[in-house]
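Peer 1: Take a look at the following structure, please.
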Amino acid sequence: MNTVKQARIDRGRRRFLIASGIVGGGLAVGAWWFYRERDRLGAPPALVAADGERIFNAWIKIGDDGRILVQVPRQEMGQGVSTALPMLVAEELDADFADVHYEQAPIAPVYGNATMLADGVPFRPDDHGWVAELVRHTQFKAGQLLGLQATGGSTSVRDAFEPMRRAGATARAMLVTAAARRLGVAESELEVAASRVTHAPSRRSLSFAELAAEAAALPMPDDVALKPRERFTLLGTPRPRLDVPAKVDGSAHYGIDARPPGLVYAAIAQCPVFGGTVKHYEGGDVAEWPGVRAIVELPATRTSAAAVAVVADHYWQAKKALEAIPIEWHGGAHAAHDTGEQKARYAALLDDDPGRVYDAAGDSAAAFAAAARTLEADYHAPYLAHATMEPMNCTTLIRADGSGEVWVGNQAPTLVRWITAEVAGVDSERVTVHTPYLGGGFGRRGEMDVVMQAALIAERLRDTPIQLVWSREEDMRHDLYRPMASARLRAAIDADGALAGVEIKSVGQSAVTELTRRLLPAMASDLMKDKTMSEGLFDLPYAFANRTVSHVRTHEAVPVGFWRSVGHSMNAFFAEGFVDEIAHTLGQDPFEFRRAALGHAPRHRRVLEVAAERAGWGGPLDGGRGRGIALAESFHAVVAQVAEVRVADEAITVERVVCAIDCGFALNPDIVRAQVESAIIFGLSAALHGEISVRNGRVEQGNFPDYRMVGLASTPRIEVHIVESGLEHLGGVGEPGTPPLAPAVANAVFAACGKRLRELPLRV
Amino acid sequence: MTTLTVNGQQHDVEADGDTPLLWVLRDHLGLTGTKFGCGIAACGACTVLVDGAATRSCVLPLAACAGKSVTTIEGLADGGELHPVQQAWIEHQVPQCGYCQSGMILATVALLADTPRPSEAEIGARITNICRCGTYPRVLRAIRAVSGVDPTAA
Ligand code: FES
Ligand code: FES
């Protein structure tokens, strides 16, 4: 590599590290403290107006044709964000929602997701002490400064709730001022509704379209008031989704549909063993095959595996050519990795390693020492793949001058830009990222492996856009998996037959540390507690007096990442299965036992009661059937589910799931329902079938027949009941429906046949 | 060269005969509404109608399509008028990420063409497409609605 280019890369990398350091050293940066909500309004230079469009602020453009273009900085992966976020703006703007359209916002710090970082701190959600609040606030402010545009942690609505409503109210005020001047009346005499400003006394009115040019030129007011909940007319209604029409006629575009002029396609084979390398490959005459443009060897990088790729005029040509090339791999250090052995090691760690304490209250050791009897159970959950319906793919163009363009379904456009610019050796501003619809995300598309590989290939074929498409097998064998985890749960029961203490220890990898190491290596450290490893265990809502919750961190060959609901996805199974065991051991009804332990938590108790009541808890069931209940709080939402299952011929059939969710306030109740239905089915596929196993360093599953999904025929009847506790409890909805499903089903299996299942996937 | 009709229009395609119809549609004809999900006929994302029959195009070689008439999601609407199945999909707000929906809709169109009032068992047996977003409850409701069955009936 020539030195000029090396210098460019170093410069890019340095900037990258500085940006990373901002989060790590958030406190050292003085400016954060002075950020105010208003600072999230100013339009960035990256936001440009087309002809006839007027920019009001970072979030709103209004066209002279009356179209209201809301900037959505989060990515639409099915969760409804392209409808829900525009609703926030439209409510305060008093717009006719039919005029509202959404646009993917450009990349700029103002659109950063500050809430996602603030949520990552290792405090219980009910901890509002000054230390917890200060750290949250600091992370939030650091998040604003870093300006990382990312979608995850069910944070989109919570992060946008204030700034996007304020954006709407501010633009509305500007439209009112413009109308008052035009009509020569006082602003106080004007009313706004359905995208019109009306002066009722003189029966005159002006549309937003007529006012846009003049209003957008006015200074932004500083003091707008936001509507109280009672005055919402749009928020809280089941508005049809803005993205649905394009998703029924084939016009919705995904990353894999990008077709820039001159596009060529790449197929890839990655080293089947994690961390391995390419030993040798024989291109032979394949390079001469019709359509074949290049055979490219890709080194392993911090985010991606070593691989061989073939670039051709058409994807099928590339795929066939790749299959004709014999590749030998170096397995490396992990060539013998085996998840069966790993599981046995985890069991030994539960015996021997004290781990790190995540939560402690009272004196659990004393409670166990004095216990009349103890209950102990080991639980286990396997690795899981995301298996988004749209396999990983990325389309990248790096021009001769180093500038770039990327089309990719992703959950973090800021990172896409950094990675591509790093490879091209240019400033990140010179890379344009297009984020079309995502064919599923679930945490997978915050990873940058395919982006890195596409950039490396595009760098070799400058001036030619390349589309790298992974096969389903590559996608399943090179995921960043939901961590495998084991847990030991213990309960002390005193002489009066009451629960006196609880100890929980879990073991597994840290998704946060591994992901940080891949993406922002300067920030990664094993010293930092990763809350996601123990979430759902250390923050249980029950009033368990003497408790100790700890976690043992491991490092494994298999890379892990965020998978819909992250740590909650397995930890709720551990905790809620065991809570059921405690109830049965104490001779109590599992619902009543939980309710009694939630005396101090009215939100949780109410959700539990609604689910139980709607499910007919305690009512009769036909033979072979049983009901199970589970409760989990995640991403600030509280969810309870009752599953009804039938166990016959060694098969579990889930017939009905009744769910209650309290996400504070349901912006769009139909989207909330859809998300909860989705999360339940996602959880059900994992509970009944999901398992990624590794032998000889290689993932054994490759395609849907080996990694089964629940289908239409096996979908239970699902009922979703929304419980609202108010705007102050605003919670996420994309993920919280998943955690309680597996334990509700496992507990129902116990009720049906007396078998206690402590391992996923569930098998009777 | 292979000649086939796609959405009423005749095309002469210059590609190897073993190229699956899926890639012909997407890469040669620019019809990207048909999606790639698994490549082995296991998910249904690539479903199109071939002479009216729901077909997983990822395993159908171009050579087998000579003279056939193919309908993709782009050709389902009748002029400006959406197909009743598409309308029901909007009415019942079926799609989430939407990636599986072209295939889901075309599988439904084929089902209803020969079984206008399918039972739940028939729906389950014929609609085997995978939806990772789990839109099945709404797919079921929409199918019932188009087939004139009360969509809310349990
Ligand atoms: S892509 Fe054809 S069935 Fe999955
Ligand atoms: S809507 Fe996303 S896979 Fe079906």
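Peer 1: Return the ratio Rg/(2.2 N^0.38 Å) for chain B, where Rg is computed over Cα atoms only.
Peer 2: Here the answer is 1.03, to two decimals.
Peer 1: By how many nm would the segment from A:E191 to A:D378 grow when fully extended, if each residue of separation counts as 0.36 nm and the alpha-carbon distance is taken off?
Peer 2: My answer for the length gained is 61.0 nm.
Peer 1: Quick check on the exposure proxy: order A:F442, A:F750 from fewest to most C-beta atoms within 10 angstrom.
Peer 2: The fewest-first ordering by Cβ neighbours comes to A:F750, A:F442.
Peer 1: Can I ask one more? Below 8 Å, C-alpha to C-alpha, sequence gap of six or more: please give me the relative contact order for segment B:51-154 in percent.
Peer 2: It rounds to 30 percent for segment B:51-154.
Peer 1: As a footprinting exposure proxy, order A:R708, A:R204, A:R594, A:R488 by other Cβ within 10 Å, with the fewest listed first.
Peer 2: A:R204, A:R708, A:R488, A:R594
Peer 1: Just want the answer: with Cβ charges of +1 for Lys and Arg and -1 for Asp and Glu, which residue in A:V638, A:A742, A:A98 is farthest toward the dipole's positive end in chain A?
Peer 2: Positive-end residue among those listed: A:A98.
Peer 1: Can I ask one more? So the label point goes 7 Å from the Cα of A:R259 along Cα→C-beta, right? Which residues of segment B:1-25 then have their backbone N under 12 Å from it?
Peer 2: B:24-25
Peer 1: Sum up the charges of everything whose Cβ sits under 14 Å from the Cβ of A:S205, counting Lys and Arg as +1 and Asp and Glu as -1, but leave A:S205 out.
Peer 2: Working: positive: A:R182, A:R196, A:R203, A:R204; negative: A:D94, A:D96, A:E189, A:E191, A:E210.
So the surrounding residues net to -1.
Peer 1: Here is a further query. In segment B:43-85, which residues have a backbone nitrogen under 16 Å from the label point lying 7 Å from B:Q10's Cα in the Cα-to-Cβ direction?
Peer 2: B:66-70
Peer 1: Quick one: compute the contact order of chain A, relative version, from alpha carbon pairs under 8 angstrom and 6+ residues apart, as a percent.
Peer 2: 13 percent
Peer 1: In addition: Starting with the fewest neighbours, write out A:D449, A:D353, B:D18, B:D27 ranked by other beta-carbon atoms found within 10 Å of each beta-carbon. Write down the numbers at each step before the final one.
Peer 2: On the way: A:D449 25, A:D353 16, B:D18 11, B:D27 21.
Least crowded to most crowded, the residues run B:D18, A:D353, B:D27, A:D449.
Peer 1: Taking R0 as 25 Å, what FRET efficiency do you get between A:H729 and A:T585 from their Cβ-Cβ distance, rounded to the nearest 0.05?
Peer 2: 0.15
Peer 1: Separation of segment A:482-516 and segment A:654-716 by C-alpha centroid, Å?
Peer 2: Here the answer is 24 Å between Cα centres.
Peer 1: May I pose another question? Calculate, axis by axis, the spread of Cα positions in the protein assembly as shown along the three principal axes, and write the results as whole Å, longest axis first.
Peer 2: Ordered largest first, the protein assembly as shown gives principal extents of 80, 80, 69 Å.
Peer 1: In nm, to one decimal, how far is the modelled label at A:A543 from the one at B:R117, with both set 7 Å along Cα→Cβ?
Peer 2: According to this spin-label approximation, the distance is 5.7 nm.
Peer 1: Would you please calculate the Kirkwood hydrodynamic radius of segment B:84-146 over all C-alpha pairs and express it in Å, rounded to one decimal? Mind dumping the intermediate values first?
Peer 2: Working: mean 1/r = 0.0877 Å⁻¹.
One over the average 1/r among Cα pairs gives 11.4 Å for segment B:84-146.
Peer 1: Roughly how crowded by other chains is peptide B:22-30, in terms of the mean Cβ count from those chains within 10 Å of each of its Cβ atoms?
Peer 2: Shielding by partners across B:22-30 averages 3.
Peer 1: Give me the one-decimal nm value for the distance between modelled label points at B:V59 and A:A713, 7 Å along each residue's Cα-to-Cβ direction.
Peer 2: Result: 1.6 nm between the two label points.
Peer 1: Right, another one. Among the aspartates and glutamates, which have Cα under 18 Å from the Cα of A:K531 when same-chain residues fewer than 8 positions away are ignored?
Peer 2: A:D119, A:D126, A:D127, A:E133, A:D359, A:E503, A:E514, A:D539, A:E633, A:E735
Peer 1: Note down the net charge around B:Q93, summing +1 for each Lys or Arg and -1 for each Asp or Glu among other residues with Cβ under 13 Å from its Cβ.
Peer 2: +2
Peer 1: Listed highest first by mean packing, meaning other Cβ atoms within 10 Å per residue, what order do A:50-57, B:133-140 come in?
Peer 2: The packing order, highest mean first, is B:133-140, A:50-57.
Peer 1: With the Cα gyration tensor of segment A:519-590 in hand, convert its eigenvalues to equivalent ellipsoid semi-axes via √(5λ) and list them largest first in whole Å.
Peer 2: 30, 14, 10
Peer 1: Other chains near A:709-719: what is the mean number of their Cβ atoms within 10 Å of each residue's Cβ?
Peer 2: Per residue, the average neighbour count from other chains is 6.
Peer 1: Determine the sum of side-chain charges near B:G103: Lys and Arg each +1, Asp and Glu each -1, restricted to other residues whose C-beta is under 14 angstrom from that of B:G103.
Peer 2: Net charge around B:G103: +3.
Peer 1: Next question, about the same structure. As an exercise, take the mean of 1/r over every pair of distinct alpha carbons in segment B:2-74, invert it, and state the Kirkwood radius in angstroms. Mind showing how you got there, number by number?
Peer 2: On the way: mean 1/r = 0.0855 Å⁻¹.
Final number for the Kirkwood radius of segment B:2-74 is 11.7 Å.
Peer 1: Any idea what the relative contact order of segment A:394-500 is, in percent, if you count C-alpha pairs under 8 Å spaced at least 6 apart?
Peer 2: RCO, segment A:394-500: 30 percent.
Computed from the coordinates by the stated procedures, all read-outs in this text should not be read as laboratory data. Every value quoted in this text rests on a predicted model; they were computed, and no experiment measured them. Backbone-built Cβ (ideal geometry, glycine too); neighbour counts: all protein chains shown.
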